[in-house]
Every structure is written in structure tokens, then in C-alpha cells.
Amino acid sequence: MIRPWKTLRSEPVGDFRIFKIRSDINVNPRTDKEHDFFVLESVHWVNVIAITPDQKLVMVEQYRHGSKTVELEVPGGMMDPHDTDPVATAVRELREETGYVGENARVLGRVHSNPAIFTNFTYTVLIENCRLQHGVEFDHGEDLETRLMPVAEVPKLVADEKIGHSLVVVALYHFDLWQRGIKKIAA
């Protein structure tokens, strides 16, 4: 049976504004040997599945520096360190990034962002009946373009690798499970 590894020491390595890195010395319970692991401590993230009354998904295109590509994604972002509610963060991010607001916002699901190295969760929040009501309010490092995509076309966009951000694909999967009645959430 797989068992947790015991942490002998944990030391901060660096603080890089959007995440911190620490070095953990852990003991493998199978071999009793020590190993050094780097862990990225980050606030939680949210992805927003925002649906318009005519069944369009509110999406954004933006340049991603890691991949050096323009990606088609759902709106979202980091929860501020003092934020405790992913729904409130999602509502704020949707409005700021796209100008859209909606109703009946609720968490569809959550995943470990990358359990191999990250400490945080990524929440998927569904917001229905979204309508354009505001101008955008980009953060200083954002440059986004809003795109409305028919919900029915989204699976093909994933299949054709037009949507390639792994956490966005997970958010869309949570949405698909909810649409098919497999994923139950409170209204």
C-alpha cells in the first residue's frame, strides 16, 4: 500500500511574487532513503465556465509566456491571498477580464493544479445567464480578447487542440459531466 512520505526538513528557497518555492527533504517509506523535492506554494486558482442565455461560452484569448502561444481559454485567475471564496473570485475575474456578469454562480469541481509540484487547487465555477454589462478592467500584465463560442462546438475545439491549456480542459470536462447529469452540484 502506498504511504505518505515523512518530511524531515523544509526550507524556503525563493519568493517569486506569484508563488514561493521550498525544498523538502522527505523519506521514502519503502526504501527509508532521503530525497530532495522542490514544491511550489501558490494561492488557489479559478476557472470560469460562463454561459450566455443563447448557450455560448464566454472565452478569452491571451498570450502565454511559458508556451509562447496565444491560447483560447476560459476566464479565470489567481485567488488573492486573503480570498477564501472561489465563487467570489470567479465572479470578479469574469467581470474584470470580459465585462460579463451572470447569475447562479457555484463551484462545479476542483482539482489539484499539479500535485507533483504545486500545493494549490484549481476550482471550476459555473456562472449562468451571462451578459455583457461592463467594460474590461485588465490587470497591468493582461491583454485579453473576449470570444463567444457555441457550447456545442467546444468539444471539437478540445479535440482539434484549439484549446490546449490543461486546466481549462479539466474545467470543460467538469462542465461536460454536469451537462450529462453525472456531476451533481447545489443550485
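Filter the chymotrypsin sites (Phe, Trp or Tyr not before Pro) in the range 137-180 to those in DSSP coil with at most 16 other Cβ atoms within 10 Å of their Cβ, and list the result. List each step's numbers first, then the result.
Details: sites: PHE138, TYR173, PHE175, TRP178; in loops: PHE138.
Those satisfying the criteria are PHE138.
Counting Lys and Arg as +1 and Asp and Glu as -1, each charge on the Cβ, what is the dipole of the chain about the Cα centre in debye, to the nearest 20? Kindly include the intermediate steps, with their values, before the conclusion.
Values: 22 positive and 28 negative charges, 169 e Å.
With Lys and Arg at +1 and Asp and Glu at -1, about 820 debye.
Filter LYS56/LYS183; LYS162/LYS184; LYS56/LYS184 down to the pairs with a C-alpha to C-alpha distance above 24 Å, please.
Over 24 Å apart, Cα to Cα: LYS162/LYS184.
Would you please name the GluC sites (Glu not before Pro) within the range 120-170 that are DSSP coil residues with at most 14 other C-beta atoms within 10 Å of their C-beta?
On the way: sites: GLU128, GLU137, GLU142, GLU145, GLU153, GLU161; in loops: GLU137, GLU142, GLU161.
Answer in residue order: GLU137, GLU142, GLU161.
In the chain, if the dipole is taken from +1 on Lys/Arg beta carbons and -1 on Asp/Glu beta carbons about the Cα centre, which of ILE25, VAL13, VAL48 is farthest to the positive end?
About the Cα centre, the residue reaching furthest to the positive side is ILE25.
Residue by residue through the range 171-185, what is 3J(HN,Hα) from phi via Karplus (6.51 cos²θ - 1.76 cosθ + 1.60, θ = phi - 60°)? Round to whole Hz and write x for glycine and proline.
4, 5, 5, 4, 4, 4, 4, 5, 4, 7, x, 7, 9, 9, 9
Identify, among THR69, VAL91, HIS165, the residue whose Cα sits farthest towards the positive end of the charge dipole of the chain, taking +1 on the Cβ of Lys and Arg and -1 on the Cβ of Asp and Glu, with the dipole about the Cα centre.
HIS165
Residues with amide H under 5 Å of SER113's amide H, sequence separation 5 or more or different chain, H placed in the peptide plane at 1.01 Å from N; which?
ASN120, PHE121, THR122
Scan the range 1-83 for trypsin sites (Lys or Arg not before Pro) in coil per DSSP, keeping those whose Cβ has at most 15 other Cβ atoms within 10 Å, and list them by number. Intermediate values should be presented prior to the final figure.
On the way: sites: LYS6, ARG9, ARG17, LYS20, ARG22, ARG30, LYS33, LYS56, ARG64, LYS68; in loops: ARG17, ARG30, LYS33, LYS68.
Passing sites in the range 1-83 are ARG17, ARG30, LYS33, LYS68.
Amide H to amide H, which residues 5 or more places from LYS56 or on other chains are under 5 Å from it, using H placed in the peptide plane?
So LYS56 has HN proximity to VAL151.
Any lysines with Cα under 19 Å of the LYS33 Cα? List them, leaving off those in the same chain fewer than 8 positions away.
LYS6
Along each principal axis of its Cα atoms, how long is the range 1-51 end to end? Whole angstroms, biggest number first, please.
Reported extents, whole Å, longest axis first: 50, 31, 10.
Convert each backbone phi in the range 112-129 into a coupling constant with the Karplus relation 6.51 cos²θ - 1.76 cosθ + 1.60 (shift: θ = phi - 60°), then list the ³J(HN,Hα) values in order as whole Hz, x for Gly and Pro.
Couplings: 5, 4, 6, x, 5, 9, 9, 9, 9, 10, 10, 9, 9, 10, 8, 10, 9, 6 Hz.
Just the number, please: percent antiparallel of the DSSP beta bridges in the chain, rounded to the nearest 5.
Working: 41 of 48 bridges.
So the antiparallel bridges in the chain amount to around 85 percent.
I'd like the distance separating the alpha-carbon centroids of the range 77-100 and the range 1-74, in whole Å.
Taking the Cα centre of each part, the range 77-100 and the range 1-74 sit 18 Å apart.
Every number here is computed from the coordinates shown, using simple stated rules; none is lab data. Computed from a predicted model, the values in this text were never measured in an experiment. Note that we place each Cβ from the backbone using ideal geometry, even for glycine, and neighbour counts take in every protein chain shown.
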